[in-house]
Amino acid sequence: VPGTVQWLAHFRVNSRQTNHYGKGRVYLAGDACHCHSPLGGQGMNMGFNDAKNIAWKLAYAAKGTVPLSFLDTYEKERQPIEHKILLAIERGQKAVSSRNPVIFFMRGRGQRVAPIILNFAMEHTDGELLRYGTQQAWTYATSPLAVEHWERPSVCPPLPNIWHRKNQNIFRWISTRIRAGDTVPDAPVGDTSIERVLKRSRGWVLLLFQGSASDNEILSKYVRNVKIYSKEELQSLGDSMKATADSTGFVAGIDEVLVVPADSQAHNEFHVRAQCLYLIRPDFHVALRSEPIREGMVWKYFDQQCGMEVAPYSAPRSAPLFDALPVTVHGVIVTMALAYCLSSGFDTTWICVVLAVSSFALCFIIRASRPPKD
């Protein structure tokens, strides 16, 4: 009879992840690390990103450029991300397999409903949904290989310095900028593009952003010992930091340098304000972001994060993500306002407002300045 089921079998969905991605001389990638439902088509992208992550590290270890312990970062970077992806796939599988009458009804009309939902999501998430689907939005921000260097304005003179310190903190904590660990976006720069430079590089890539004139002026005025470079000086600086290829064409360091002018679209893509540098890994993730530009921070990164041999360098101390100054200020205000309110019985409205505002600011600062978590 036409349409009659001739054969039926059960399909069991497996969702597993290995405890370790590498040990000794054996390293796993792709389906050897994880298996899951085909829902969402994430398996191939996960395998590609595993290979991208481990390939350049194996090459550097095989050449003796980095110690073998450097390979441990492969598991530290890939396992937490893929654990999240597996959990998302499991939840999605449970949802689409539900026997709920509404879901059962919708599932039979998925080919009609899915495009509408996807188009709506794409229009209202600025393409973020697609970036997660292609796994370009996942970041290695919690990795030991993701480093950001910032220098805060000093406390004196108090009023202007504290104001610009506050602006820097907010920009650093909550802005939608490209951070250390993120995938590098593409953008045109002159007659080339960032993606072309990354693809032709045989090693690391150094991006030097010129920054806007107004933000550079603020940076040089309120942060100590800052030199603002011209485009020519930036190019000269970058060229002096390039590594030389060996007889096989292998480059154990920076191979390409790209100076990004202030009027370039890349400034908007990276959400750059003042002059800064980005050191890009061979797998197209940001390794180091330094604002202001400090040559010594690049050598410090190669030395301390990668274990590479570098020439003697000098690098200033990086300001931690947490800033104790505003916490102390608002903590004192909250304590004094609370003591006054308790003694006056909360009869003074403006003191209660100050207490509420400072308490909110204190909670915001503590939450915003927390380090990223897996």
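Evaluate the relative contact order of the chain (contact order divided by residue number), counting alpha-carbon pairs under 8 angstrom at least 6 apart; express in whole percent. Let's see the in-between values first.
On the way: 487 pairs, mean separation 58.1, N = 374.
The value is 16 percent.
Within the listed set 105, 360, 322, the Gaussian network model of the chain (springs between alpha-carbon atoms below 10 Å) gives the highest mean-square fluctuation for 105. Taking label points 7 Å from Cα along the Cα-to-Cβ direction, residue 350 and residue 59 give a separation of 6.6 nm.
Each of (1) 21.6; (2) 24.2; (3) 22.3 is a candidate for Kirkwood radius over Cα pairs in Å; the one calculated from this structure is (2). Separation of the stretch 5-28 from the stretch 319-362 is 54 Å, based on Cα centroids.
Find how much the distance from residue 4 to residue 166 grows on full extension, using 0.36 nm per residue of separation minus their present alpha carbon separation; answer in nm with one decimal.
On the way: separation 162, 0.36 × 162 = 58.32 nm, distance 7.03 nm.
Separation in residues times 0.36 nm, less the Cα-Cα distance, equals 51.3 nm.
With all projection directions averaged, the alpha carbon convex hull of the stretch 193-239 covers 4.2 nm².
Tell me what the chain gives for mean residue ellipticity at 222 nm when only DSSP H runs of n ≥ 4 count, each as -39,500 (n - 2.57), the sum divided by the residue total, rounded to 500 deg cm²/dmol.
Details: 13 runs with 174 residues, N = 374.
After summing the helix terms and dividing by the residues of the chain, the value is -15000 deg cm²/dmol.
Extension gain for residue 336 to residue 13 (0.36 nm times residue separation, less C-alpha to C-alpha distance): 110.3 nm. In whole angstrom, note down how far apart the Cα centers of the stretch 141-161 and the stretch 70-101 are. One Cα centre to the other: 34 Å.
Here residue 263 and residue 239 are evaluated by their C-beta separation; at R0 = 22 Å the FRET efficiency comes out at 0.50. If you take every DSSP beta bridge fully contained in the stretch 180-268, what fraction is antiparallel? Give it as a percent rounded to 5. Just about 25 percent of them are antiparallel.
Per residue, how many Å² of accessible area does the stretch 1-84 show with a 1.4 Å probe?
64
Tally the DSSP beta bridges in the chain and give the antiparallel ones as a percent, rounded to 5. Write out the running numbers ahead of the final one.
Details: 16 of 26 bridges.
Antiparallel: roughly 60 percent of the beta bridges in the chain.
First compute the accessible area of the chain with a 1.4 Å probe, then give the percent of it belonging to carbon and sulfur atoms. Kindly include the intermediate steps, with their values, before the conclusion.
Numbers: 12690 of 21270 Å².
Summing carbon and sulfur atoms, their accessible area is 60 percent of the total for the chain.
Inter-label distance, residue 247 to residue 39: 5.6 nm, where each label sits 7 Å from its Cα along the C-beta direction.
Over the stretch 267-374, accessible surface divided per residue gives 53 Å², non-protein components excluded, 1.4 Å probe.
The values are calculated or read from the model by the stated rules, or taken from the named source; none is laboratory data. All figures in this text were calculated on a predicted structure; none of them were measured in a lab. For neighbour counting, all protein chains shown are included, and Cβ atoms are generated from backbone atoms with ideal geometry for every residue, glycine included. Heavy atoms of the whole protein, side chains included, go into the accessibility calculation; ligands, DNA and RNA do not. Shrake-Rupley method; radii C 1.70, N 1.55, O 1.52, S 1.80 Å.
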